[in-house]
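To keep things clear, I will list the structure first and then write my remarks on it.
The values are calculated or read from the model by the stated rules, or taken from the named source; none is laboratory data. Model, not experiment: these values are computed from the prediction. Glycine gets a Cβ as well: all are built from the backbone with ideal geometry, and neighbour counts include every protein chain shown. For accessibility, only protein heavy atoms count, side chains too; no ligands or nucleic acids. Shrake-Rupley method; radii C 1.70, N 1.55, O 1.52, S 1.80 Å.
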Amino acid sequence: MKLIKLLLSAASLSIAGVSAGAGAPPANARPQLSITIRDGNFTDFDGLEPTITWENSQQLPNEVDFRYGIDLSAKTTNLASLPRRIWGRATRRFVKDRFSLSTRLDMDVQRMDRVAFQVDAADEENDLKLTMLGSAAASLKRLATSPRVSHLEFTKGFDNDGNRITVNPRYNVNYDHMDVVMTYDADDTLITVTASKDDQEVTISQQLNDDNVLSPTISRDGSLSLAWDRKLGDHNSVRTTLNPNRSVEVEWKDEAWTANVNFPMEEDSMKGATVHIKRDVRF
């Protein structure tokens, strides 16, 4: 609990630094516009859920990097329902970039009673990272005194004769669930083990060549899945994941376009496919 209170205090200091420099001119006056169109089940146009995401960044005093944005609904005609979410992230580095502290706040505009937060802290020299998620009352006076932590995790990295090992214990407070993710990265092979009290799974990712990676996964209950990543050129790639008797998932990135297709499998047929399409536009 002392560690959590310390992080929240640091988060408050970071936010205070952002507030103090709010009048600084933006370092990047050209925001990025992201348009996402989601089609539920192809039945009619009511399945379309277009959203517009706008974000920008600027450098604030005390070497604080500040990013902020807003998600808008492009479907509704009700101006009050147009904004969906607003967010901001402040990041600062210390001691010649050895330490970093980042705080992100998210607020659902339609439910403005609470604000979600994410605090990330890192020690680059010791290869140690910490992430904390939660929510608090949507009031600056009560932000640091009424938090509710929902997720906490650490990541520690080690070097083993040129190979990299990471250990990542995680704890979900809401569900009282703890697990650990361990990875071993050796040249063209990456082994990932995820283990909890109730379940365990192992993924072995093998780099076949410059363009292809195969990643089979096996779980404790015997279920299997196979992912295939293939590069198609500059900024283009396809990831296909086969979950036998469950689904086939395809993610296709073509420069500014990203398409996600999910085909649920019912016995010998595929019904109820879902498509997500996103286009990033810079201007």
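So the values come out like this:
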| item | result |
| --- | --- |
| Extension gain (nm, one decimal) between residue 171 and residue 234, 0.36 nm per residue minus Cα-Cα | 18.9 nm |
| Separation of the residue 263 and residue 204 label points, Cα + 7 Å toward Cβ, nm | 2.7 |
| Cα pair distances exceeding 14 angstrom across segment 210-268, given as percent | 60 |
| Prolate/oblate/rounded label for segment 176-283 (Cα gyration tensor, a/c 1.5) | oblate |
| Rough spin-label spacing in nm, given labels placed 7 Å along Cα→Cβ, for residue 178 and residue 276 | 3.1 |
| Residue-normalised accessible area of segment 151-197, given per residue in Å² at a 1.4 Å probe | 64 |
| Neighbour cut-off at most 11 other Cβ (10 Å), DSSP loop, chymotrypsin sites (Phe, Trp or Tyr not before Pro), segment 152-187 | 175 |
| Extension gain from residue 221 to residue 137, taking 0.36 nm per residue of separation minus the Cα-Cα distance | 26.1 nm |
| Principal axis box of segment 92-249, alpha-carbon based, largest edge first, Å | 54, 44, 38 |
| Estimated distance in nm for a label pair at residue 57 and residue 96, the labels positioned 7 Å out from Cα along Cα-to-Cβ | 2.4 |
| Accessible area of segment 76-228 belonging to carbon and sulfur atoms, whole % at 1.4 Å probe | 54 |
| Calculated FRET efficiency for the pair residue 108/residue 148, C-beta based, R₀ 22 Å, to 0.05 | 0.90 |
| Three-way shape label, segment 124-199, alpha-carbon gyration tensor, a/c 1.5 | oblate |
| Förster radius 45 Å - calculated FRET efficiency between residue 158 and residue 86, Cβ distance, rounded to 0.05 | 0.70 |
